[in-house]
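*Asks:* Sharing a structure here in structure tokens format.
The values are calculated or read from the model by the stated rules, or taken from the named source; none is laboratory data. Remember, it's a predicted structure, so these values are computed and weren't measured experimentally. Reconstructed Cβ throughout: ideal geometry from the backbone, glycine too, with neighbour counts over all protein chains shown. Keep in mind that these areas ignore ligands, DNA and RNA; they rest on the heavy atoms of the full protein, side chains included. Shrake-Rupley method; radii C 1.70, N 1.55, O 1.52, S 1.80 Å.
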Amino acid sequence: MLGTILDVVFIAMIILAVAVVEERELVSAVVKYSLLSLLFILALFELKAPDVALSAIVVGAVVIGIFLFTIEEVTR
């Protein structure tokens, strides 16, 4: 059962990664990137690595915040 869940998560991660790269609007790309990050964290929890997942949550939140702040400053 665990293998099937991870397979679905990994396939969804690949699809979202392609969608992030192909997105033309920056804010939409950041939203898709945050969903990709969420799936990555879910995969880490499924692989029994909660310490790495918690670190990924913090790093992901900081990176997404920096992306959104930079997009806001550039579009002014």
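*Asks:* Tell me the mean residue ellipticity at 222 nm calculated for the chain from its helices only (DSSP H runs of n ≥ 4, each -39500 (n - 2.57), averaged over every residue, nearest 500). Intermediate values should be presented prior to the final figure.
*Replies:* On the way: 3 runs with 68 residues, N = 76.
Value at 222 nm, helices only: -31500 deg cm²/dmol.
*Asks:* By how many nm would the segment from Val9 to Val31 lengthen if fully extended, with 0.36 nm per residue of separation less the alpha-carbon distance?
*Replies:* On the way: separation 22, 0.36 × 22 = 7.92 nm, distance 1.74 nm.
Length gained, Val9 through Val31: 6.2 nm.
*Asks:* Label points 7 Å out from Cα along the Cβ direction at Val21 and Ile71: separation in nm?
*Replies:* 1.9
*Asks:* Something else: Roughly how many percent of the accessible protein surface of the chain is carbon and sulfur, given a 1.4 Å probe and a whole-percent answer?
*Replies:* Working: 4060 of 5440 Å².
Carbon and sulfur together cover 75 percent of it.
*Asks:* Can I ask one more? Over the chain, what is the relative contact order in percent, taking alpha-carbon pairs closer than 8 angstrom and at least six residues apart? Walk me through the numbers on the way to the answer.
*Replies:* Working: 42 pairs, mean separation 22.0, N = 76.
Computed over the chain, the figure is 29 percent.
*Asks:* In whole Hz, what ³J(HN,Hα) sequence does region 67-76 give by Karplus (6.51, -1.76, 1.60; θ = phi - 60°), x for Gly and Pro?
*Replies:* Karplus values, whole Hz, x for Gly and Pro: 4, 5, 4, 5, 4, 5, 6, 6, 7, 6.
*Asks:* Related question: Each residue of region 33-45 in turn: what ³J(HN,Hα) in whole Hz from Karplus with 6.51, -1.76, 1.60 and θ = phi - 60°, glycine and Pro shown as x?
*Replies:* 5, 5, 5, 4, 4, 4, 5, 4, 5, 4, 5, 5, 5
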